[in-house]
Amino acid sequence: MRHLIDSTDLSVKETQEILNLALDIIENRTMYSHVCAGKKLATLFYEPSTRTRLSFTAAMMELGGNVLGFSDASTSSVSKGETVADTVRVVSAFADIIAMRHYKEGGPFVASQYSRIPVINAGDGGNAHPTQTLTDLLSIRRELGHLDNLTIGLCGDLKYGRTVHSLIKAMNRYEGVKFVLIAPAELRLPDHIKNLAPTKCVETATLEEALPTLDVLYMTRVQQERFANKDDYERLKDSFVLDARKMQLAKEKMIVLHPLPRVKEISPDVDSDSRAAYFRQVENGKFVRMALIYTLLHKTTETREHSESLSVTEEPCTNRRCITATEPVERLSYEDHDGKRRCAYCNHVLANS
Ligand code: CP
C-alpha cells in the first residue's frame, strides 16, 4: 500500500511510467474503461476545489469505479470535531483509495499515517500539490515533447503557491532545467525549496525581462485565502499580469501554464494565443489522475515512504497553518540541506533549530 504525499515520493522512473500510462490511456480510452470496476475513490475535500476534485471524480468514473466523499467538510462529522486520523480510519472501511485536500499543511500526511488504504495529497495549504505536478509534467511533455533542458519561469505567489513548490521539486531532477523566479519580495520562494536548486534558480524583477528566455511560463494566482492581512493581499494581488502585448516578447514555442483558477494574472486576450496551454492542461489532469489511481490500486510501486529519514521531536511547530497546530499527532522533523531542523508536516524551521 502506497501513498502520494509529495511530488518526490515518486522516483523519476515511476513518474515516467505514470506519464506513459496517461499517454496510453489517451490513445486507448476504452481499454481502461473497466479496470477499476468494483473499486471506490473517496474524495475528502476540506478546502474548495473545482479541477482537482472533479478531475479525480471523472478519472475514477472513466476507469469504471465509483466515487464517494465530501466537497465541504462542514457537512461531515469534521464539524463535530472529528480528527483527520479518525476520519480516515473510518473512510478506510468504505473505500479503496482516498484523495484528500486540506487547508492545513500536512493534513494528507497525517491521513496517510492512519489510513488502511492509499492516500493521495490533493493539495495541503501552501505546502504541496503533487497531482497538479503530474498534470504539469504531462502537459509539458505533450506540448514540448521533453522534460529536460527547459527554462521554466514561475510567476506570482511563489511563497504560498503549493503547485510551484511541488513542480520545482519534481523538475529539479531533470537534466539542464533552470528556474526563473518572478515574484514580489513578500511572496518569494521559501528557502527549503530554493535550497534544493540554488544554482538553477535566478530571480528577475519583471515578466518583460524573463519572457524572451523561457520555454515554459508557469503563472500563478496570488492566494487571498493564505493572507492573514487583507491589505497585504490587495497590495500584492495584481503584481504581475500577462497580456497579449507581453506575449510578443516570448519565444514562438514557449507555453503558458497555470494551475488555475486565475483571477487577473492572465488577461483574457492571451487565451486565443496557441501558446496558452492552460485549458489543455486541465484535461491532462484527468488522464494523469486516471494513471495514478490505476497505478496505486493495481501495481506494486517502488514509491518511497514519505516518512523516510524523519525523526521524532519534542519540539512543537509554531506554524499556525500546520496540521500539528490542531491535531494531536506524533511530532516529526527532518534535517534540511542547511542543517536546520524542519517540521515534517509543513517544512517550517523549528524554533530551536
Ligand atoms: N489546480 C487546482 O488545484 O485547481 P482547484 O483548486 O480548482 O482544484
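The values are calculated or read from the model by the stated rules, or taken from the named source; none is laboratory data. Keep in mind that this is a model prediction, so the values were computed, not measured. Note that each Cβ is placed from the backbone with ideal geometry, even for glycine, and that neighbours are counted across all protein chains shown. We work out accessible area using only protein heavy atoms, side chains counted, and drop any ligands, DNA or RNA first. Shrake-Rupley method; radii C 1.70, N 1.55, O 1.52, S 1.80 Å.
Tabulated data
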read-out: Residues satisfying the stated conditions in the range 238-285, i.e. hydroxyl-bearing (S, T, Y) and without any contact (Cβ under 8 Å) to a residue 60 or more places away in the chain; value: S267, S272, S274, Y278
read-out: Residue tally, condition open to solvent by 60 Å² or more (accessible area, probe 1.4 Å) and assigned to a loop (DSSP other than H, G, I, E, B), over the range 1-36; value: 3
read-out: Flag for S55 being modelled with pLDDT of 95 or more, crowded, with 17+ Cβ neighbours inside 10 Å, within 16 Å of the ligand (Cβ to nearest atom) and part of a loop (DSSP other than H, G, I, E, B); value: no
read-out: Residue that is farthest from the chain's Cα centre (by Cα) [pool: residues in the range 248-261 that are crowded, with 18+ Cβ neighbours inside 10 Å and closer than 16 Å to T220 by Cα]; value: I255
read-out: Test for Y345: is it under 23 Å from the mean Cα position of the chain (by Cα), outside any helix (DSSP H, G or I), modelled with pLDDT under 95 and aromatic (F, W, Y); value: no
read-out: Criterion (of a type in the set (V, I, T), more than 16 Å from the ligand (Cβ to nearest atom), under 24 Å from K169 (Cα atoms) and open to solvent by less than 40 Å² (accessible area, probe 1.4 Å)) met by exactly one of T295, T313; value: T295
read-out: Selected residue [at positive phi, under 17 Å from the mean Cα position of the chain (by Cα) and within 15 Å of the ligand (Cβ to nearest atom)] from G161, G123; value: G123
read-out: Residue satisfying condition, being modelled with pLDDT of 95 or more, out of contact with any His (no Cβ under 8 Å at 6 or more places or on another chain) and farther than 22 Å from F287 by Cβ, within set V84, V180; value: V180
read-out: Every residue from the range 58-81 that is over 14 Å from L292 (Cα atoms), surrounded by 15 or more Cβ atoms within 10 Å (Cβ to Cβ) and within 16 Å of the ligand (Cβ to nearest atom); value: V67, G69, F70, S71, A73
read-out: Subset of the range 184-232 (residues that are among the basic types (K, R), surrounded by fewer than 16 Cβ atoms within 10 Å (Cβ to Cβ) and touching a residue at least 12 places away in the same chain (Cβ under 8 Å)); value: R188
read-out: Single residue of R289, R304 found to be surrounded by 13 or more Cβ atoms within 10 Å (Cβ to Cβ), in contact with a helix residue (DSSP H, G or I) (Cβ under 8 Å, 6 or more places away or on another chain), among the basic types (K, R) and at pLDDT 95 or above; value: R289
